[in-house]
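Worksheet: one structure, shown below.
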Amino acid sequence: MITTEQQKEVKDRVDQLNRYLNIPQKQMQWEEEQLRTQAPGFWDDQKRAEAQMKLVKGLEKWIKGYRSVKGLSDELELAMEYYKEELVTEQEIDELYAKAVSAIEDLELKNMLRREEDPMDAVLKINAGAGGTEAQDWAQMLMRMYMRWAEQNGYKCVVANLQEGDDAGIKTCTLEITGEFAYGYLKSENGVHRLVRVSPYNAQGKRMTSFASVFVTPLVDDTIEVNIEQARISWDTFRSSGAGGQNVNKVESGVRLRYQYKDPYTGEEEEILIENTETRDQPKNKENALRLLRSMLYDKELQHRMQEQAKVEAGKKKIEWGSQIRSYVFDDRRVKDHRTNYQTSDVGGVMDGKIDAFIKAYLMEFGAETEE
């Protein structure tokens, strides 16, 4: 059974959350913002109204989250008293303690996601590395892993673009993952993912190494100011490929956006290429491609901020974008994150979307470092 020290630690962590989250202030703000939603003509400006409702619901979630952990802490304290009178069992107390600690850790984790972009939806792009079929198969396995993760966490996942491999797997795909803090959690996945296994595509049964890169950006909405110069945009159309109905391979519904980007800080130029085959409606695909462009430009500004911050905090351990972050060694039944050294032998579970432990380890170690 847990000790009184463990029970006190739970209570102390809840008190700290009350201070960190500034719950009394959030409660007052929620009441004020809620009153604004009751004003006459509130829904006349729909975009403004939706932004206001999002603010109200965001505050409400923090308040409810704190009340939940406070309730569990109080319940645990009462159960400890009842145990003295033999009204509850040791097992019931241990179960309640585990439930309280889990809820506290979840709220502490969310408290680390305080950057402006953390609550946003996410755009996750996977590219197969060199290595042909083996690398393309690995990219498809990662796509399935993230889709399963999204499903398990109640996020909506849409395939915005998909290019299938020559024989198997995929060359590249873009996923739009919608839900609160999707970007905040998935930003930990940025980088190169390495697979080591006995390849089913190698006739000699050799152990092979494959790579795929994962790039995650926040999916911005119309409330975020992003400057897009229309003169730098050009469009191509193409026929969508893959399984489907009669329109497939006959109608040029796929769009390819080319944007001649000039870095406002360095003056360097590059071409941003975005393809979208999400729907069979070409105007809709153009709209989606522009939305992805906004997200990429917003992310470039974020990266600039991070680089500037890194110069100031040169003594701190840093995460380099695009570096190898994780190895999946199937034969040894081991998945290891090289940044946090967290590892697990549950390879099957990880490939089935159970990556929360990796995300948590990353945020616990580096979350505070990314605060401005």
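The values are calculated or read from the model by the stated rules, or taken from the named source; none is laboratory data. Nothing here was measured: the structure is a model prediction, and the numbers come from that model. FYI the Cβ positions are ideal-geometry reconstructions off the backbone, even for glycines, and counts take in every protein chain you see.
Descriptive notes on the structure:
- Residue check, LYS57 within 25 Å of the chain's Cα centre (by Cα), in the same structural domain as ASN18 (by TED's automatic domain parsing) and without any contact (Cβ under 8 Å) to a residue 40 or more places away in the chain: yes
- Residues that are more than 23 Å from the chain's Cα centre (by Cα) and within 15 Å of GLN230 (Cβ to Cβ), drawn from region 260-294: GLN260, TYR261, LYS262, LYS286
- Identity of the residue in region 277-295, buried (at least 22 other Cβ atoms within 10 Å of the Cβ) and in contact with a helix residue (DSSP H, G or I) (Cβ under 9 Å, 6 or more places away or on another chain), that ends up farthest from PHE238 (Cα to Cα): GLU278
- Selection status of VAL56, closer than 18 Å to ALA103 by Cα and surrounded by 15 or more Cβ atoms within 10 Å (Cβ to Cβ): no
- Candidates ALA122, ALA139: the one that is crowded, with 22+ Cβ neighbours inside 10 Å, in contact with a Gly (Cβ under 9 Å, 6 or more places away or on another chain) and either outside any strand (DSSP E or B) or at positive phi (or both) is ALA139.
- All of ASN190, ASN227, ASN249 fail the test of being at pLDDT below 80 and not β-branched (Val, Ile, Thr), apart from ASN249.
- Selected residue (only one of TYR155, TYR146 is buried (at least 16 other Cβ atoms within 10 Å of the Cβ), of a type in the set (Phe, Trp, Tyr) and within 23 Å of GLN324 (Cα to Cα)): TYR146
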